[in-house]
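A single structure is presented below for examination.
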Amino acid sequence: MSECTHDCSTCGESCSERQEPQSLLKEHHPEAHIGKVFGVVSGKGGVGKSMVTSQLAVTMRRRGYQVGVLDADVTGPSIPKAFGIHGQAMGSEAGLYPMVSKTGIQVMSTNLLLPNETDPVIWRGPVISGVVQQFWTDVLWNCDYLFVDMPPGTGDVSLSVFQSIPLDGIVIVASPQELVSMVVEKAVKMAEMMEVPIVGLVENMSYVACPDCGKKIYLFGQGKTAQAAERHHLPVLAEMPIDPALAALTDAGDIESFQGSWLDQAADKLEGK
Ligand SMILES: Nc1ncnc2c1ncn2[C@@H]1O[C@H](COP(=O)(O)OP(=O)(O)OP(=O)(O)O)[C@@H](O)[C@H]1O
């Protein structure tokens, strides 16, 4: 037996000093008010996780709640841009203040801390995980619903978010192609292993609506969501179309003007209806 470091997490010996495993969950800032916390995850990048996070935040804000978005996608932050938020977040001895969007949604993201928002974040995993934890522990949130835009995939930053932030549930976002692959399954299994309830599945980019007749064209085939949902015993919360207007609103920093009621059912579920 090697010399004891009193750090049971690095040792498998069963000695008298061994303590029960400790929770890695962190407390939020003592002066913050945070109601429910939902993570938005995807198996891989580019499927519209940030789009769904933003729209969920807007939908809950339209229902009259105080809402925050914690952008945990540290190396690819896209939340501030979607909300048209630029500049640097301010801090004081009391803590770090989230920036606030046009309709009053609170946002914290690495892009709001960098001197230049186009600077790349070239930090290693533990530093990135530390920053995400600080967005939880040091930010003076005041929200009924906090959405965490998780990094894509099931890597170490996602794991760190699951371990340190007490999530009330996660929403899984997937594109039709992704639904038939194993990546969604990995995200589902990660949530199950971390014992975080899955609220349900949002299929993004499900179809295109013909601008002339409104007919839905399922570019990647129809019915995959239902099959995948059944396989994983998950409720389908929404099927969102590919809508050029949505991409344009994101590019213009005006996602709060989006029209569409795709996420109403998801919002009902978050409200516990
Ligand atoms: N339903 C949609 N209709 C039109 N454009 C969309 C839709 N969903 C996403 N997009 C666009 O696709 C791009 C990728 O979306 P988004 O950034 O939300 O993906 P992501 O899964 O968060 O990616 P990453 O994890 O790499 O940050 C963005 O330019 C976004 O505006």
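The values are calculated or read from the model by the stated rules, or taken from the named source; none is laboratory data. Computed from a predicted model, the values in this text were never measured in an experiment. Note: ideal-geometry Cβ built from the backbone for every residue, glycine included; neighbour counts use all protein chains shown. Surface accessibility is based on the protein's heavy atoms, side chains included, excluding ligands, DNA and RNA. Shrake-Rupley method; radii C 1.70, N 1.55, O 1.52, S 1.80 Å.
Are any residues in segment 77-122 surrounded by 14 or more Cβ atoms within 10 Å (Cβ to Cβ) and small (Gly, Ala, Ser), and if so, which ones?
Those that are surrounded by 14 or more Cβ atoms within 10 Å (Cβ to Cβ) and small (Gly, Ala, Ser): SER78, ALA82, GLY84, ALA89, GLY95, SER101, SER109.
Hey, among the residues in segment 180-194 that are out of contact with any Ser or Thr (no Cβ under 6 Å at 6 or more places or on another chain) and buried (at least 17 other Cβ atoms within 10 Å of the Cβ), which one's modelled with the lowest pLDDT?
The selected residue is VAL183.
Within segment 237-250, can you find the residues that are open to solvent by 50 Å² or more (accessible area, probe 1.4 Å) and more than 7 Å from the ligand (Cβ to nearest atom)?
GLU239, ALA245, ALA248
Does segment 41-56 include one or more residues that are away from the ligand (no atom under 16 Å from the Cβ) and either closer than 14 Å to CYS143 by Cα or open to solvent by 20 Å² or more (accessible area, probe 1.4 Å) (or both)?
No.
Of VAL127, VAL107, which residue is away from the ligand (no atom under 16 Å from the Cβ), of a type outside the set (Phe, Trp, Tyr) and without any contact (Cβ under 8 Å) to a residue 60 or more places away in the chain?
It is VAL127.
While we're looking at this one, here's another question. Give the residues of segment 60-76 that are open to solvent by 10 Å² or more (accessible area, probe 1.4 Å) and more than 12 Å from the ligand (Cβ to nearest atom), sorted by residue number.
Answer for segment 60-76, where residues must be open to solvent by 10 Å² or more (accessible area, probe 1.4 Å) and more than 12 Å from the ligand (Cβ to nearest atom): ARG61, ARG62, ARG63, GLY64, TYR65, GLN66.
Please work out which residue is nearest to ILE128 (Cα to Cα), limiting yourself to segment 142-174 and to residues that are open to solvent by 10 Å² or more (accessible area, probe 1.4 Å), within 16 Å of the ligand (Cβ to nearest atom) and of a type in the set (Gly, Ala, Ser).
GLY155
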